[in-house]
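Read-outs throughout are calculated quantities, based only on the coordinates presented, and are distinct from any laboratory measurement. Note that this is a predicted model, so its numbers are computed, not measured. Ideal geometry is used to build each Cβ from the backbone, glycine not excepted, and the neighbour counts take in all protein chains shown.
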Amino acid sequence: MVEIVNVVASGSLNVELDLERLASDMGEPVARYNPEKYPGMYLRFEDDTPLITVYRTGKFIITGASSEEDSYVLRERFLNLLTDMEVIVEPEDEWFSIQNYVCMAELGQNLNLNALAIGLGLENTEYEPEQFPGLIHRPEGMNGVVLLFATGKVVITGCRTVDAAEDIFADLTETISKF
DNA sequence: TGAGCGGCTCCTTATATATCAGCTTCGG
DNA sequence: CCGAAGCTGATATATAAGGAGCCGCTCA
């Protein structure tokens, strides 16, 4: 069983936005806009809600959500706000989809990463403890990357669905049980 | 030779994980 | 005044986005 720790989603409003005006209308600390540092405007409703990064082109990114539903709820809130502000006419965007899930899991046993690097296949594995303490594994034929740590904790990232992350973890559990 | 354009890299954000160096702070 | 303890920021992973800067290539 994997636990979702971060969801990244992106979408488009299909409308050119005046970020300077939007940022001043919304005001800090909800809106933060510093075009000299980065072209996107950051929008955060409350301290614990995910972050929305909005661009001049109308495209936006939601990061920091803890579930797919969390992302969709925030997108709804964002669209409603823009409708209320009369930036857009109807609360409907052109497209919106989940781009990346970051998940955490535990194998329940300590791992010998040196041995595991060989066991998982050197061609799909990178382990340089002097550079980073985790072993990086790219399971063959699957979209996603696994970070394995000596404590048995695992981070799975790069998946577009939770099922994909679950599949990767199931395969990993099975492979490791053979050692 | 220089202008223009395409492609590439970096920046920023979230998030778990762990390990290092370097820095500040605190107590004896 | 020094060692220990704690904190910060780097390391690496994925992913979207727009802009800046850089490099190489082509054409006039």
Requested in this report: Under 14 Å Cα to Cα from A:K59, which aspartates and glutamates show up? Leave out anything in the same chain fewer than 8 places away.
Outcome: A:E16, A:D18, A:E92, A:D93, A:E94
Query raised in the report: Sorting A:E36, A:E69 on the 10 Å Cβ count, fewest up front, what's the list?
Result: A:E36, A:E69
Query raised in the report: When only alpha-carbon atoms count, how far does region A:1-70 stretch along each of its three principal axes, as whole angstroms with the largest first?
Result: 44, 26, 20
Query - Phi to ³J(HN,Hα) by Karplus 6.51 cos²θ - 1.76 cosθ + 1.60 over region A:108-123, Hz, x for Gly, Pro - result: x, 7, 6, 10, 8, 5, 5, 5, 5, 4, 7, x, 7, x, 4, 6
Query raised in the report: Taking the Cα centre of chain A as the origin and placing charges on Cβ (Lys, Arg +1; Asp, Glu -1), which of A:N112, A:T161, A:V15 is farthest toward the positive end of the dipole?
Result: A:N112
Report task. Kindly put A:S10, A:S66 in sequence by how many other C-beta atoms sit within 10 Å of each C-beta, fewest to most. Result -> A:S66, A:S10
Query raised in the report: Most fluctuating residue of A:R44, A:R21, A:R77 in a GNM of chain A with Cα springs under 10 Å: which is it?
Result: A:R21
Requested in this report: For every helix of n ≥ 4 consecutive DSSP H residues, a contribution of -39,500 (n - 2.57) applies; sum these over chain A, divide by its total residues, and give [θ] at 222 nm rounded to the nearest 500 deg cm²/dmol.
Outcome: -8500 deg cm²/dmol
**Report entry** Amide H partners (placed H, <5 Å) of A:Q99, local residues excluded
**Finding:** A:V8, A:A9, A:S10
Query - Dipole moment magnitude, nearest 20 debye, region A:121-168 about Cα centre, only Lys, Arg, Asp, Glu C-beta charged - result: 160 debye
Report summary line: The ratio Rg/Rh over the Cα atoms of chain A, Rh being the Kirkwood inverse mean 1/r radius, stands at 1.10
Report summary line: D (µm²/s, integer) via Stokes-Einstein for region A:87-179, Kirkwood Rh across alpha-carbon pairs, 25 °C, 0.890 mPa s: value 169 µm²/s
Query raised in the report: So what's the net charge close to A:I156: Lys and Arg +1, Asp and Glu -1, counting the other residues with Cβ under 13 Å from its Cβ?
Result: -3
**Report entry** Cα-based radius of gyration of region A:50-115 once divided by 2.2 N^0.38 Å, which approximates compact folds
**Finding:** 1.64
Query raised in the report: If you place +1 on the Cβ of every Lys and Arg and -1 on the Cβ of every Asp and Glu, how big does the dipole about the Cα centre of chain A come out, in debye to the nearest 20?
Result: 480 debye
Query raised in the report: Most fluctuating residue of A:L113, A:L122, A:L17 in a GNM of chain A with Cα springs under 10 Å: which is it?
Result: A:L122
